[in-house]
Amino acid sequence: MKYQDPGISEREAAVLGLLCERPLYGYTIEKIIEERGMRYWTKIGFSSIYYVLKRLEGRGLITSTCEQQETGPSRRIYTITPAGRRDMEMAVRGFLSTYTRNISAFDLGIANLTLLPPKDVTSSLKKRLGMIDKAVSIITLGREERYREGRPYYVIALFDRALAQIRAERDWVTGFIRVVQENGHADEVPASGVTKHRTGVKETAGGA
């Protein structure tokens, strides 16, 4: 069957996925997101949960009812509709089968690093490594906690995938620091319009 994009955003899918399990209160959705460490791998803030719920209900993908509590104010409980489950199933097929290129501002930094002295470039990259190391520690701790809690294999896989990606990033940055230290800005374009390549071949900026 050909995949058709149901038009569900990642934030909407995060909420719909939880509602596929059972009806939930908005506060409970936030609690589950925290307990499962979902913010390690998806972007959804506390303030956006109710906005997402309102959008989903407006599109007929969920319904809500008000439940009166014995003590305290009434609470609204949200339930997924058949249309919501169908669209979520379609979205999952698309998420699993589609490769999406990761666009990062880091690449803009690399493309324009000749604006900085080589020592500033390496200093900045080393700061990045420090942040990566902190992220590895946080994600590793999250994985260990979920493993001890006996979470399903696919929950552990989310942490393993994040660790694999960030460790690969660390290896690449470490190697690139060595390249910068060895070469400086050998390929930068000076004011004369002549590019000096590491091979020693000279070309004008516009070509041969």
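The values are calculated or read from the model by the stated rules, or taken from the named source; none is laboratory data. These figures come from a predicted structure and were not determined experimentally. Here the Cβ positions follow ideal geometry from the backbone for every residue, glycine too, while neighbour counts run over all protein chains shown.
Residues in the range 56-80 that are part of a helix (DSSP H, G or I), touching a residue at least 40 places away in the same chain (Cβ under 8 Å) and more than 15 Å from Leu18 (Cβ to Cβ): how many?
Number of matching residues: 0.
For the range 114-150, enumerate the residues that are polar (S, T, N, Q), in contact with a helix residue (DSSP H, G or I) (Cβ under 7 Å, 6 or more places away or on another chain) and either outside the structural domain of Glu182 (by TED's automatic domain parsing) or under 20 Å from Ala164 (Cα atoms) (or both). Can you show your working first?
Residues of the range 114-150 that are polar (S, T, N, Q), as a first pass: 114, 122-124, 137, 140.
From the residues that got through so far, the ones that are in contact with a helix residue (DSSP H, G or I) (Cβ under 7 Å, 6 or more places away or on another chain) too are 122, 140.
Of everything in the range 114-150, just one residue is polar (S, T, N, Q), in contact with a helix residue (DSSP H, G or I) (Cβ under 7 Å, 6 or more places away or on another chain) and either outside the structural domain of Glu182 (by TED's automatic domain parsing) or under 20 Å from Ala164 (Cα atoms) (or both), namely Thr140.
Take Glu30 and decide whether it is in a helix (DSSP H, G or I), surrounded by fewer than 13 Cβ atoms within 10 Å (Cβ to Cβ) and assigned by TED's automatic domain parsing to the domain that holds Ala83.
no
Can you confirm whether the range 138-158 contains a residue that is acidic (Asp, Glu), closer than 30 Å to Asn112 by Cβ and either out of contact with any His (no Cβ under 7 Å at 6 or more places or on another chain) or not in a helix (DSSP H, G or I) (or both)?
So far as the range 138-158 goes, no, none of its residues is acidic (Asp, Glu), closer than 30 Å to Asn112 by Cβ and either out of contact with any His (no Cβ under 7 Å at 6 or more places or on another chain) or not in a helix (DSSP H, G or I) (or both).
Filter the range 70-96 down to the residues that are at pLDDT below 95 and among the polar types (S, T, N, Q), then identify the one that is farthest from the chain's Cα centre (by Cα).
Thr71
Consider Ala83 carefully, then state whether it is over 24 Å from Tyr27 (Cα atoms), outside the structural domain of Leu125 (by TED's automatic domain parsing) and assigned to a helix (DSSP H, G or I).
no
Within the bounds of the range 100-111, is there any residue that is modelled with pLDDT of 95 or more and β-branched (Val, Ile, Thr)?
Within the range 100-111, one or more residues are modelled with pLDDT of 95 or more and β-branched (Val, Ile, Thr).
Take Leu96 and tell me if it is surrounded by 10 or more Cβ atoms within 10 Å (Cβ to Cβ) and under 21 Å from Glu10 (Cα atoms).
In short, no.
Just the residues that are of a type in the set (D, E, K, R) and over 13 Å from Ile132 (Cβ atoms), please, taken from the range 144-176.
Answer for the range 144-176, where residues must be of a type in the set (D, E, K, R) and over 13 Å from Ile132 (Cβ atoms): Glu144, Glu145, Arg146, Arg148, Glu149, Arg151, Asp160, Arg161.
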